[in-house]
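The values are calculated or read from the model by the stated rules, or taken from the named source; none is laboratory data. Keep in mind that this is a model prediction, so the values were computed, not measured. Positions of Cβ are backbone-derived with ideal geometry, glycine not excepted, and every protein chain shown enters the neighbour counts.
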Amino acid sequence: MFYMLIGWVGAILFITSYFMLSIGKLRQEGKYYHLLNLCGAICLVVNAIHFNDNANILVNIVWAAIALMALYQVAKASFRSKS
């Protein structure tokens, strides 16, 4: 039950981030969109590991890596603009 709930949280985070981006409440260049995606991916990796769903493990690890890369770019741009 716990792992199923974690999976649902991950899915809701993905849907929320995309919806908020689509209606203009989040920006692709902002950190919150990527944080929601990172948290969603982590939740879905945990869920997929529990259920031994290798395809979803891979997809969500890649998704998390992309979110981390984007967060790094956002942080780097923010640091440069303050310098």
Legend entry - Residues being exposed (fewer than 13 other Cβ atoms within 10 Å of the Cβ) and either over 22 Å from GLY7 (Cβ atoms) or touching a residue at least 40 places away in the same chain (Cβ under 8 Å) (or both) - total across the stretch 52-72: 2
Legend entry - Unmet requirement for GLN28, which otherwise passes all of (1) at pLDDT below 95; (2) within 10 Å of the chain's Cα centre (by Cα): (2)
Legend entry - Qualifying positions in the stretch 21-35 - over 19 Å from ALA77 (Cα atoms) and buried (at least 17 other Cβ atoms within 10 Å of the Cβ): LEU21
Inset, instruction - Could you check, for the stretch 24-36, whether at least one of its residues is in contact (Cβ under 8 Å) with a residue 40 or more places away in the chain, out of contact with any Ser or Thr (no Cβ under 9 Å at 6 or more places or on another chain) and charged (D, E, K, R)? - result: yes
Inset, instruction - For the stretch 12-20, state whether one or more residues are closer than 20 Å to MET1 by Cβ and either exposed (fewer than 14 other Cβ atoms within 10 Å of the Cβ) or at pLDDT 95 or above (or both). - result: yes
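This table checks each residue for (1) under 18 Å from THR16 (Cα atoms); (2) at pLDDT 95 or above.
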position: GLY40; (1), (2): yes, yes
position: VAL46; (1), (2): no, yes
position: ILE49; (1), (2): no, yes
position: ASN52; (1), (2): no, yes
position: ILE57; (1), (2): no, yes
position: ASN60; (1), (2): yes, yes
position: ILE66; (1), (2): yes, yes
position: MET69; (1), (2): no, yes
position: ARG80; (1), (2): no, no
